[in-house]
Structure formats: structure tokens, C-alpha cells
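The values are calculated or read from the model by the stated rules, or taken from the named source; none is laboratory data. Model, not experiment: these values are computed from the prediction. Here the Cβ positions follow ideal geometry from the backbone for every residue, glycine too, while neighbour counts run over all protein chains shown. Areas reflect the complete protein model, heavy atoms only, side chains present, ligands, DNA and RNA absent. Shrake-Rupley method; radii C 1.70, N 1.55, O 1.52, S 1.80 Å.
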Amino acid sequence: MTNDIQERIKRLIIDQRLPSGAPLPTETELMELLGVSRNSVREALKALQAMGIVEIRHGFGTYVGPMSMAPMIEGLIFRTVAGHYRGEDSLLELLELREAVETGLIARLAGRIPEADLAELDAIVRRMEAEAAEGSVRAETDRAFHAALYGSLDNSLLGEVLEAFWDAFHRVRTDLVDVPTDPRVTCKQHREILESVRSGDTLRAEEAIRDHFGNIRTRLRSAHRD
């Protein structure tokens with residue numbers, strides 16, 4: 001029953017083309033509209049809130065939620081942590097998922113990134129080099145590079161998915177494994193990714209991405225053995 005009510009509320013949002021932040025009918029109105037009890041409506045709304053589809057503001061009402069990737073990120077994190085403690089290579093699996101997505105996308109970018117985006121990527125790599133000279137490249141700088149790299153595809157859903165994979169991987173990696181890094185190698189690999197897409201060499205770009213992820217995979221395996 002609860003699942004059916006959830007689906008009907010979701011259909012209401014879709015049919016009425018309600019954007020994030022738009023108010024939903026009150027509990028009483030939903031009861032009348034759906035022909036169900038108040039408890040059934042409340043249980044369905046709570047479940048939808050957990051998925052980010054609705055937002056319950058106590059004292060104000062219920063609104064269309066942000067529909068963010070937060071539940072997906074938390075699910076990925078929990079699955080990865082649970083798998084790690086069962087002795088599975090769940091962190092490596094999550095890395096391979098990121099690699100598959102980024103390798104599949106890089107060919108679309110080679111030679112097609114606007115000059116403004118190339119300039120932004122170049123600035124990020126220079127920032128990496130400055131940070132490396134001080135001992136380490138900040139995770140936020142690494143994240144900024146990958147976000148900027150695919151920004152020209154102008155696909156907001158893709159951007160959210162990539163952010164979800166990145167966030168889940170780095171949050172779990174930080175908690176579970178102390179992965180040694182050589183900031184000079186990190187800078188070199190990101191510079192190679194940038195130069196390969198700038199040159200329009202698709203094969204070189206794909207190889208640069210694979211080398212980058214291959215280096216992370218090697219370090220993860222080394223950390224696991226330790």
C-alpha cells in the first residue's frame with residue numbers, strides 16, 4: 001500500500017510538472033485525492049523524503065524535494081564500507097566504476113573543449129603543481145579538475161553522477177585506507193590528461209585517463225597489502 005501511494009505522489013509531481021521547492025497538497029488533500037488514511041500518507045511521504053523526492057517542513061507543509069544524489073552517495077558509501085569489512089574489494093570496484101564512466105566520456109572531449117574551459121583546467125593544474133611543491137595536492141583541487149573537465153558537455157545529470165562517484169570514493173577511501181600518494185605523479189597525470197584533450201588526440205586522452213586510474217588502483221592494492 002505504502003509503495004503504491006509513493007508512486008501516485010510521484011506521478012502527481014510529474015503530471016503537474018512541479019519543480020523543486022513547489023508546495024504539494026496538504027495531508028488532508030492527499031488523503032482525499034488518493035482515498036487513503038492519514039497514516040498511509042505520512043508513511044509514504046517519509047519514504048519519499050528519505051529519497052530526496054519530497055521535503056517535509058514541519059509547521060509549513062510538504063514540498064517537492066531537491067531530488068539530489070545524496071541518497072545515492074550514502075548508499076554507495078554504505079555498500080562500499082560494508083563490502084570492505086566483509087573482505088571484498090568494494091573500494092576498487094567503486095574506482096573501476098568511476099574509471100569506466102570517465103574513460104567512456106573522454107573521447108567526446110578531445111579537441112572539443114572550449115578555450116575558456118581549457119584555461120580553467122590549466123589554472124587548476126598550475127594550482128596542483130603549487131600544492132605539490134608544498135607536499136600534497138588537495139582533494140578539492142583534484143575534484144575541481146574532474147568537474148571542469150566534463151563541464152563543457154553541459155549535462156547536469158552527468159555532472160551530478162560524476163560528483164556522486166567522486167564523493168563516495170574519496171569519503172570512503174579516507175575512512176578506510178591510507179593511500180600513499182606522490183603529488184608529482186598526480187600533477188603529471190592531470191597535465192597529460194589536459195594536454196591530450198587539448199591536442200584532440202582521442203587515443204592519447206583515453207590512455208591518459210587509464211594511466212591515472214591505474215595509478216590509483218595500484219596504490220589502493222598496495223595499501224590493502226600493507
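Out of Leu48, Leu18, Leu33, I need the residue that is farther than 18 Å from Phe165 by Cα, in contact with a strand residue (DSSP E or B) (Cβ under 9 Å, 6 or more places away or on another chain), in a helix (DSSP H, G or I) and not β-branched (Val, Ile, Thr). Which one?
Leu48
Being modelled with pLDDT of 95 or more and among the aliphatic types (A, V, I, L, M) is the filter here; which residues of the stretch 57-89 pass it?
Within the stretch 57-89, just Val64 meets the criteria.
If you go through the stretch 176-203 one residue at a time, how many are free of Cβ contacts under 8 Å to residues at least 24 places away in the same chain and touching a helix residue (DSSP H, G or I) at 6+ places or on another chain (Cβ under 7 Å)? Let's see the steps before the verdict.
Just the residues of the stretch 176-203 that are free of Cβ contacts under 8 Å to residues at least 24 places away in the same chain, to begin with: 182, 188, 192, 195, 203.
Subset that is touching a helix residue (DSSP H, G or I) at 6+ places or on another chain (Cβ under 7 Å): 192.
The number of residues fulfilling the criteria is 1.
In contact with a Lys or Arg (Cβ under 8 Å, 6 or more places away or on another chain), at pLDDT below 90 and open to solvent by 20 Å² or more (accessible area, probe 1.4 Å), is that true of Ser156?
no
What about Leu92, is it open to solvent by less than 20 Å² (accessible area, probe 1.4 Å) and at pLDDT 90 or above?
Taking the combined requirement at face value, the residue does not satisfy it.
Within the stretch 177-191, track down each residue that is surrounded by fewer than 17 Cβ atoms within 10 Å (Cβ to Cβ) and part of a helix (DSSP H, G or I).
Arg184, Val185
Taking the stretch 51-82 on its own, how many of its residues are among the acidic types (Asp, Glu) and either open to solvent by 80 Å² or more (accessible area, probe 1.4 Å) or in a loop (DSSP other than H, G, I, E, B) (or both)?
1
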